[in-house]
Amino acid sequence: MKRILLAAVAAFVLYSQMVPTQAVGLSAQSAILIEADSGRVLYEQNADEKRLIASTTKLMTALVALESGHDVQEVVTIEPEDTRTEGSSLYLKEGEQLTLETLLYGLLLHSGNDAALAIARYCGGSVEAFVEDMNEMAKQLHMTNSHFENPNGLNGETHYSTARDMAKLAQACLQQETLAEIVATRSISMEGRSFQNHNKLLWQYEGCIGMKTGYTELAGRTLVSAAQRDGMTLIAVTLNAPDDWNDHKTLFDYGFSNYRMEPLVEQGQQITTMPVSGSALPMMEVIAAEDFFYPLKDGESLEQRCDYFVTSLTAPVLEGEQVGTLSGWVNGVQVAAVPLVCGSPMNEVVVEQKSPIDQFLDWLNGM
């Protein structure tokens, strides 16, 4: 799972290029719109300003909990310290027992601050240790302008992030299947509790697949959301946005109307052939190891360039052995690097060595 998370964010780090200058009217103080798979930034506004993020923090809380190794069906016994918090609450009671899964739904749909404390204590051993894990995860995700002080998003002097960093977090959350399923849930009843998602975009915007809302008086309204259409997944983040629902609709409309997903290559697609010596077959297929699609706007094209480590092979050759790289370029900027690999194994041909007497007999037989 960590490999998937790091790959998602690596895409963001490498391919956040060519940001448009066209203005989009928003209420937000900070905002960003990215394509989730490639990480291309489609629009940004003060995206690197550090701000309070309120309950969008809980995306990180859920991600760290789900990556902690605990099963979601484990039962959590509520401790007195879990109930001592302000703001939005599930009204957990000391001694109550709920599954980790129920607490995660309560965290992300109802935004329970007490659920955040219970999850952090249980999965981290203590809230303090869990917060350290949150900051470690932020480092792994290259959230370079973020720091977490608590698992629920209550205001703190050292609790902050940026729109860009929260988009990186959202990328990782969409890669975590359980988390992605929870944030896309409109409503659910579990263990005698009913939760309804606070994210109105799930009802108001076609293709919305959820994420997380947040609000404190100092932070203002914060929102991380994602939407899918025509094979493209967009992530929008707004911080301190009085009209955040409309801001996100505006951002999504801008992205879906101005960009389209184009393939550079598909996994298994043959790119070329390469000569192989010492094998029964003289040529080897060279194929792409993975898919790569990229969002383009009108007037842009995705160019291919192939670089090979070798020009020929000698058997035996292993399937998946890398022989080069296929790179993708847009407007002179590299946006992709896909490994090119051997398509199938090739064994070395074993030539039987005959003794001089056998060779002489073969010669006689041939006369």
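The values are calculated or read from the model by the stated rules, or taken from the named source; none is laboratory data. Values in this document were obtained by computation on a predicted structure and should not be read as measured data. As a convention, Cβ positions derive from the backbone with ideal geometry for all residues, glycine included, and neighbour counts pool all protein chains shown.
Assorted remarks:
- Taking the numbered list (1) within 27 Å of GLY39 (Cα to Cα); (2) in contact with a Ser or Thr (Cβ under 7 Å, 6 or more places away or on another chain); (3) touching a residue at least 60 places away in the same chain (Cβ under 8 Å) in turn, ASP165 passes all entries but (3).
- Counting only strands (runs of 3 or more DSSP E) wholly contained in region 170-262, the ones carrying 1 or more residues that are buried (at least 16 other Cβ atoms within 10 Å of the Cβ) and within 20 Å of the chain's Cα centre (by Cα) occupy 208-216, 220-229, 232-239.
- In region 326-333, the condition of being in a strand (DSSP E or B) and surrounded by fewer than 13 Cβ atoms within 10 Å (Cβ to Cβ) is met by at least one residue.
- Taken together, THR102, THR85, THR61 contain a single residue that is part of a helix (DSSP H, G or I), touching a residue at least 12 places away in the same chain (Cβ under 8 Å), polar (S, T, N, Q) and within 20 Å of GLY214 (Cβ to Cβ), which is THR61.
- Residue among GLY231, GLY210 that is among the small types (Gly, Ala, Ser), over 23 Å from LEU59 (Cα atoms) and touching a residue at least 24 places away in the same chain (Cβ under 8 Å): GLY231
- Within region 110-133, the only residue that satisfies the criterion of being buried (at least 24 other Cβ atoms within 10 Å of the Cβ) and either farther than 16 Å from GLU79 by Cβ or not assigned by TED's automatic domain parsing to the domain that holds SER225 (or both) is SER111.
- Failed item in (1) closer than 20 Å to VAL237 by Cα; (2) in a helix (DSSP H, G or I); (3) not small (Gly, Ala, Ser), with HIS110 passing the rest: (2)
- Filtering region 268-299 to residues that are part of a loop (DSSP other than H, G, I, E, B), among the aliphatic types (A, V, I, L, M) and free of Cβ contacts under 8 Å to residues at least 60 places away in the same chain leaves only ALA289.
- Filtered residues of region 142-153 (kept if surrounded by 23 or more Cβ atoms within 10 Å (Cβ to Cβ) and farther than 17 Å from ASP82 by Cβ): MET143, SER146, PHE148
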